[in-house]
Amino acid sequence: MSSSQIDRAERSSRSRAVLMALLATVVAVTATFGFDKPANDGPVRGIAWLVELLLALLVLTTGGGLMLSRQLRALMNDELSRHNRSRGLTTGFFAALLVGTALYVISWWAPIDLRAGLRLVTGLTVAAAMAHYAWLEWR
């Protein structure tokens, strides 16, 4: 293993952290956009949301870099990176509990459309997990 491969893996890991932070922001914004107007959640937007969410989940669970060589991915997804991803997923789990609980309490005073609530829970959960993972990878 050459030092140039290690340097490239380090640069790719930094780039991954930045891209994950950006993707987390996009997922959080699109999860909350139009929350008060369930009519905005038509088939086109719903399918786009599912594709976006599945892409974010794929990046989160695999560590991204699927277009890179197997050897470079192995260098990027070292033990520390796997540990950071695990901590990010833990953050996502607790975010799901908090968002779900908050929606439950809010629903006592205001009706919440099921799809809008699910979009909030899934989107904010994945965004929290990705943002925490990105932050851990960056520092």
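The values are calculated or read from the model by the stated rules, or taken from the named source; none is laboratory data. Just so it is clear, the model here is predicted, and its values are computed rather than measured. All Cβ positions, glycine included, derive from the backbone under ideal geometry; neighbour counts span all protein chains shown. Note: accessible area is taken over every heavy atom of the protein model, side chains too, but ligands, DNA and RNA are not part of it. Shrake-Rupley method; radii C 1.70, N 1.55, O 1.52, S 1.80 Å.
Some points to look at:
- Full-stretch length increase - V44, R115 - with 0.36 nm per residue and alpha-carbon distance subtracted: 24.2 nm
- Cα convex hull volume per residue for segment 65-139 (Å³): 91
- Residues W138 and V26, FRET efficiency given R0 of 25 Å [Cβ-Cβ distance, rounded to 0.05]: 0.90
- The mean sequence distance of close C-alpha pairs (under 8 Å, at least 6 residues apart), as a share of the length of the chain, puts its relative contact order at 46 percent.
- Axis angle, to the nearest 10 degrees, between helix 114-138 and the longest C-alpha principal axis of the chain: 20 degrees.
- Tilt relative to the chain, helix 79-106 - C-alpha long axis, 0 to 90 degrees, to 10: 10
- With R₀ set to 30 Å, the beta-carbon distance separating I106 from E10 gives a calculated FRET efficiency near 0.10.
- The distance between label points at T62 and S3 comes to 3.2 nm (points 7 Å beyond Cα on the Cα→Cβ vector).
- Largest to smallest accessible area among Y133, Y104 [probe 1.4 Å]: Y104, Y133
- Cβ-defined net charge surrounding L124, 15 Å radius [Lys, Arg +1; Asp, Glu -1]: +1
- FRET efficiency for T90 and V51, using Cβ-Cβ distance with R0 set to 25 Å, rounded to 0.05: 0.45
- Under Karplus coefficients 6.51, -1.76 and 1.60, residue-wise ³J(HN,Hα) of segment 52-64 in Hz, glycine/proline x: 4, 5, 5, 4, 4, 5, 4, 5, 5, 6, 9, x, x
- The reciprocal of the average 1/r between distinct C-alpha atoms defines the Kirkwood hydrodynamic radius, which for the chain equals 16.0 Å.
- Each residue of segment 6-12 was assigned a 3J(HN,Hα) from its phi angle through the Karplus curve 6.51 cos²θ - 1.76 cosθ + 1.60 (θ = phi - 60°); the sequence is 5, 4, 5, 5, 5, 5, 5 Hz, with glycine and proline shown as x.
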